[in-house]
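Asker: Sharing a structure with you now.
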Amino acid sequence: MIAVSGPSGAGKSTLIRAALDAVPELVYSVSATTRRPREGEIDGRDYVFLSRDMFERWIDEGRFLEWAEYSENLYGTPEHKVEEFLRSGRSVILEIELQGARQVREERPDAVMVFVRPPDLEETRRRLEDRATEDLEAMEARMTTAVSEVAARSEFDYEVVNDDRERAREEMIETIKNIVEREGGA
């Protein structure tokens, strides 16, 4: 299992998609969230979109490998799907927040942790502004969180600095290929 984390706007999703395209043994575990879908996002493909009540019910039922609250929304990894993929011999990649990464490390010490970050916090702000999916208050909350996330990067096994799109893409693919090879495809 590979857990990828990093600040909002770091490019995690883009780099994970590149790895999924390049590594056939790799499968993506779709996270659940209480946040509203962004334009173009599809329920079940990008996220499993849940009401806060339903998400909290899933927490109470122990249905998450990890979960966290981030920018006033809940995010979590449904455990049954991860276990299903692992039993089938696939390597699973997760896109999770720092709190969730820490939970995965605790629950699954065999998980490999990859941290993705932009070159600096000014670039993080620019990317969030360019994305234009949040109001100023939500963006400021994400920036505050980004500072603590970057400070925790030493907790990860690998770090990919997304300063040059193509270089970061190649580095991510190579890192993931090496991890999957070491895991033996599972």
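Asker: Where both partners of a DSSP beta bridge lie in the chain, what percent of those bridges are antiparallel, to the nearest 5?
Answerer: Roughly 30 percent of the beta bridges in the chain run antiparallel, per DSSP.
Asker: Under a 10 Å cutoff between Cα atoms, tell me which one of 144, 33, 77 has the largest fluctuation in the Gaussian network model of the chain.
Answerer: 144
Asker: Mind checking the dipole of the chain: about its Cα centre, +1 per Lys or Arg Cβ, -1 per Asp or Glu Cβ, Debye to the nearest 20?
Answerer: Roughly 320 debye, rounded to the nearest 20.
Asker: Hey, can you rank 4-17, 94-107, 38-51 by average C-beta count inside 10 Å, highest first?
Answerer: 4-17, 94-107, 38-51
Asker: Can you tell me the length gained on complete extension of the stretch residue 14 to residue 38, counting 0.36 nm per residue apart and subtracting the Cα distance?
Answerer: 7.1 nm is the gain from fully extending residue 14 to residue 38.
Asker: Now a separate question. Taking the Cα centre of region 136-186 as origin, work out the dipole magnitude from +1 charges on Lys and Arg Cβ and -1 charges on Asp and Glu Cβ, in debye rounded to 20.
Answerer: The calculated dipole for region 136-186 is roughly 80 debye.
Asker: Additional query: For residue 148 and residue 69, compute 0.36 nm times the residue count separating them, minus their Cα-Cα distance, and round to one decimal in nm.
Answerer: Taking residue 148 through residue 69 to full extension adds about 27.0 nm, to one decimal.
Asker: Helix-derived [θ] at 222 nm for the chain: sum -39500 (n - 2.57) over DSSP H runs of at least 4, divide by residue count, nearest 500?
Answerer: The per-residue figure over the chain is -14000 deg cm²/dmol.
Read the figures in this text as sums done on the coordinates, not as results from a lab. Note that this is a predicted model, so its numbers are computed, not measured. Ideal geometry is used to build each Cβ from the backbone, glycine not excepted, and the neighbour counts take in all protein chains shown.
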